[in-house]
Each structure stands twice: as structure tokens, then as C-alpha cells.
Ligand SMILES: [Zn+2]
């Protein structure tokens, strides 16, 4: 696993600097803008809201990635890197090269995702208050 630490640290730096830039962009957006929509229609306001929501979603993803990268560096330090946290098997090197911060092998990832989809389906069936009209 030569160079993986550098790779993880590099990724971490990249993500953190993206977050920093994003934070300053968000800060700018929070500034009062008296004449954003000079036309006076709602269109640009809706667009602006959508843009911000996308920004927040991306931000959350980036923060998640920071946590995963940091966890991967911890695991590397502890000598646990490259081992699946679910089943204890070695994670395929090709998978680690593609996604250096992964903690599970393909099989377990697949199982977790299927479980997640099943939970979503159960929630959709029992969680919603409204009945479908058809
Ligand atoms: Zn596994």
C-alpha cells in the first residue's frame, strides 16, 4: 500500500480547501443583496434557493468525505487499513486505488446498499401518512 497515506492526505487537503472556498462563497451569499432580481419576478429567487440547496448538499457530501478520509488515515496508522470493517477480509487493491477511503469490501458494500434500499422500501410502505390514490 505504498503512497496511500500521501494519497489520502492529498485528498483530504483537496476536500478541505474546497470546503473553505465553499464556506466563503456561502458567506458572500449571506450578504444582503438589494438588487438581485431587478426584473421583480420570482424566477431568480427560486433559482437562487435551488442553487443554495445544491450547495448545502455538496457541502454535506464533502464533510462526510473528510470524515471518511480522516478515518482511513487513522486506520492506516493502526495497521487496519485495507481490511473490511464488516467481514474482516482484505479489500481489493483496485477498489482501494479507486476509492482510497472505503472501509468495506465490494460484497459488504453491496449488502449494505441492498439493506438500505430495503429499509427505504419499508419506510415508503409504512412510514408515509398519505395513501396513494390510483
Ligand atoms: Zn466485507
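The values are calculated or read from the model by the stated rules, or taken from the named source; none is laboratory data. Keep in mind that this is a model prediction, so the values were computed, not measured. Every residue, glycine as well, gets a Cβ built from its backbone with ideal geometry; the counts of neighbours run over all protein chains shown.
Some notes on this structure:
- Tally of residues being under 21 Å from residue 12 (Cβ atoms) and within 14 Å of the ligand (Cβ to nearest atom) across segment 100-110: 3
- For segment 75-108, a residue qualifies if it is surrounded by 16 or more Cβ atoms within 10 Å (Cβ to Cβ) and out of contact with any helix residue (DSSP H, G or I) (no Cβ under 9 Å at 6 or more places or on another chain), and the qualifying residues are 75, 108.
- Residue in segment 31-43 that is loosely packed, with under 11 Cβ neighbours inside 10 Å, modelled with pLDDT under 95 and in a helix (DSSP H, G or I) present: yes
- Meets criteria (part of a helix (DSSP H, G or I), in contact with a helix residue (DSSP H, G or I) (Cβ under 7 Å, 6 or more places away or on another chain) and at pLDDT 90 or above) for residue 115: no
- Any hit, segment 92-99, residues being over 16 Å from residue 12 (Cα atoms) and within 13 Å of the ligand (Cβ to nearest atom): yes
- As a summary of the residue check, residue 126 satisfies the conditions (1) away from the ligand (no atom under 16 Å from the Cβ); (2) without any contact (Cβ under 8 Å) to a residue 60 or more places away in the chain; (3) within 27 Å of residue 18 (Cα to Cα) except for the one numbered (3).
- Residue check for residue 72: surrounded by 10 or more Cβ atoms within 10 Å (Cβ to Cβ), closer than 28 Å to residue 21 by Cβ, within 17 Å of the chain's Cα centre (by Cα) and away from the ligand (no atom under 13 Å from the Cβ): yes
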